[in-house]
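The structure under discussion appears below in the form of structure tokens.
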Amino acid sequence: MKIIAVKLFLLINLATLSTCQNDKSLNQINTIQGPINVSELGIALTHEHIMSNFGKEIGESSNYDSIKLFNQVIPYLKQLKSFGVNSIFDCTTEYFGRRVDLLKKISDSTKVQIITNTGIYGAANDRYIPEFVYNASTKSISEIWIDEFKNGIKGTKIKPGFIKLAFDNDKQLSDIDKKLFKAGILTHLNTGLTLAVHTGKNIEAVKFQKELLKEYNVHMSAWIWTHAHKVDDDQILIDLAAEGAWISLDGVKESNTNEYIERIKLFKQKYLLNKILLSHDGNGFPRGRKIRKFEEIFKNLIPKMLKNGFTNEDIYQIMVRNPKEAFSIKIRRNSDV
């Protein structure tokens, strides 16, 4: 009964609230089904994996048992749809499992809007960086990603909705991670796609990204600090949010909801709820294994937030408004923001 009540609360209260907002915008977001107006995004999970082969060798990463995949993922996404989830940003990159053809079939079957990405994942000791990238110029790498945005991914009409990149944990940043991020900035300046960068608690990587964004006159709002929840010092997150960066707290679990509530309270106190993104980093089909769930925001976190002084408006801000603003396709120069 408790889960049913939570579902109804979200569906009724957030849907009602959304009709009261003036969300008209010319900005678009690319989904697997095609471009949509940002007002159609709805309740969104901003960092999940519909499926991935992370952990497998790069040459095997695109191979899936599609029947098993569909049998596991489609019912699960339909369940998430019943919670009110309308859109999911899929962070599985090329070379560790991105398959837009399979995502299209899943989206068709579930009516969940799925947003895929362009880019290359530079963490995991660079195991998912293909060899050609090391000798390629920064510009030529960006041109591959820009082409996916303009013409579609792998011969399809499906276009990416954001750029996914990553840094390793080492304080001494690798040249290849730096090069990929620079290519990401060039891609943003040619497409308006937002940079979602796996950064975790690597503060040196944060400093480097901030400096390079400034060098290219790109506003901090073009950048999402992915896995920022791994940082112990909340003040660092607050300071970056105040400068415009998006702070992605994307490791929600049943066991850490109280911790998340306290961190989100701090953002509210600082009038920075408008800079938080919430998600689970879940996985519907991790190397063919059982689901790493991405439902705890709805089953546990939001109900507890509502009991701890947060309002419907606060939830709407985090789960609907923030994803729309973070991922709207627009070139974000310091001079324009």
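Within the span defined as the stretch 113-122, every residue fails to be buried (at least 18 other Cβ atoms within 10 Å of the Cβ) and in a helix (DSSP H, G or I).
Scanning the stretch 123-177 for residues that are in contact (Cβ under 8 Å) with a residue 40 or more places away in the chain, aliphatic (A, V, I, L, M) and not in a loop (DSSP other than H, G, I, E, B), we see that the one that is farthest from Arg99 (Cα to Cα) is Ile176.
Within the stretch 317-326, is even one residue more than 29 Å from Arg98 (Cβ to Cβ) and either without any contact (Cβ under 8 Å) to a residue 60 or more places away in the chain or of a type outside the set (A, V, I, L, M, F, W, C) (or both)?
Step one: list which residues in the stretch 317-326 are more than 29 Å from Arg98 (Cβ to Cβ), which gives 317.
Checking the rest, the ones that are also either without any contact (Cβ under 8 Å) to a residue 60 or more places away in the chain or of a type outside the set (A, V, I, L, M, F, W, C) (or both) come to 317.
Yes, the stretch 317-326 contains at least one residue that is more than 29 Å from Arg98 (Cβ to Cβ) and either without any contact (Cβ under 8 Å) to a residue 60 or more places away in the chain or of a type outside the set (A, V, I, L, M, F, W, C) (or both).
Of the residues Thr93, Thr156, which is surrounded by 24 or more Cβ atoms within 10 Å (Cβ to Cβ), within 18 Å of Ser62 (Cα to Cα) and among the polar types (S, T, N, Q)? I'd like the intermediate steps shown before the answer.
Values: Thr156 fails: surrounded by 24 or more Cβ atoms within 10 Å (Cβ to Cβ).
Answer to the selection: Thr93.
Within the set Ile163, Ile176, Ile224, the sole residue that is of a type in the set (A, V, I, L, M, F, W, C) and out of contact with any Ser or Thr (no Cβ under 7 Å at 6 or more places or on another chain) turns out to be Ile176. Answer yes if at least one residue in the stretch 159-169 is under 21 Å from Ser328 (Cβ atoms), small (Gly, Ala, Ser), at pLDDT 95 or above and surrounded by fewer than 23 Cβ atoms within 10 Å (Cβ to Cβ), and no otherwise. Checking the stretch 159-169: not a single residue is under 21 Å from Ser328 (Cβ atoms), small (Gly, Ala, Ser), at pLDDT 95 or above and surrounded by fewer than 23 Cβ atoms within 10 Å (Cβ to Cβ).
Within the group Ile247, Ile236, which residue is β-branched (Val, Ile, Thr) and crowded, with 22+ Cβ neighbours inside 10 Å? Don't jump to the end; show me each part of the working.
Working: Ile236 fails: crowded, with 22+ Cβ neighbours inside 10 Å.
Ile247 is the lone residue from the list that is β-branched (Val, Ile, Thr) and crowded, with 22+ Cβ neighbours inside 10 Å.
Checking Lys330, Lys275, Lys290, Lys230 one by one, the residue that is surrounded by fewer than 16 Cβ atoms within 10 Å (Cβ to Cβ) and under 18 Å from the mean Cα position of the chain (by Cα) is Lys230 and no other. Scanning the stretch 47-62 for residues that are of a type in the set (S, T, N, Q) and crowded, with 18+ Cβ neighbours inside 10 Å yields Ser52, Asn53, Ser61. Taken together, Leu195, Leu180 contain a single residue that is surrounded by 18 or more Cβ atoms within 10 Å (Cβ to Cβ), under 12 Å from Lys139 (Cα atoms) and in contact with a Gly (Cβ under 7 Å, 6 or more places away or on another chain), which is Leu180.
For (1) in contact with a Lys or Arg (Cβ under 9 Å, 6 or more places away or on another chain); (2) closer than 28 Å to Leu173 by Cα; (3) free of Cβ contacts under 8 Å to residues at least 40 places away in the same chain, each residue gets a yes or a no:
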position	(1), (2), (3)
Glu215	no, yes, yes
Trp225	no, yes, yes
Leu237	yes, yes, yes
Ala241	yes, yes, yes
Ala245	yes, yes, yes
Glu259	no, no, yes
Gln269	no, no, yes
Asn274	yes, no, no
Gly282	yes, yes, no
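Scan the stretch 289-299 and tell me whether some residue there is under 18 Å from Thr46 (Cα atoms), out of contact with any Leu (no Cβ under 8 Å at 6 or more places or on another chain) and of a type in the set (A, V, I, L, M). Looking through the stretch 289-299, at least one residue is under 18 Å from Thr46 (Cα atoms), out of contact with any Leu (no Cβ under 8 Å at 6 or more places or on another chain) and of a type in the set (A, V, I, L, M).
The values are calculated or read from the model by the stated rules, or taken from the named source; none is laboratory data. If you're wondering where the values come from, they're calculated on a predicted model, not measured in any experiment. Quick reminder, even Gly has a Cβ in these numbers, built from the backbone with ideal geometry, and neighbours come from all protein chains shown.
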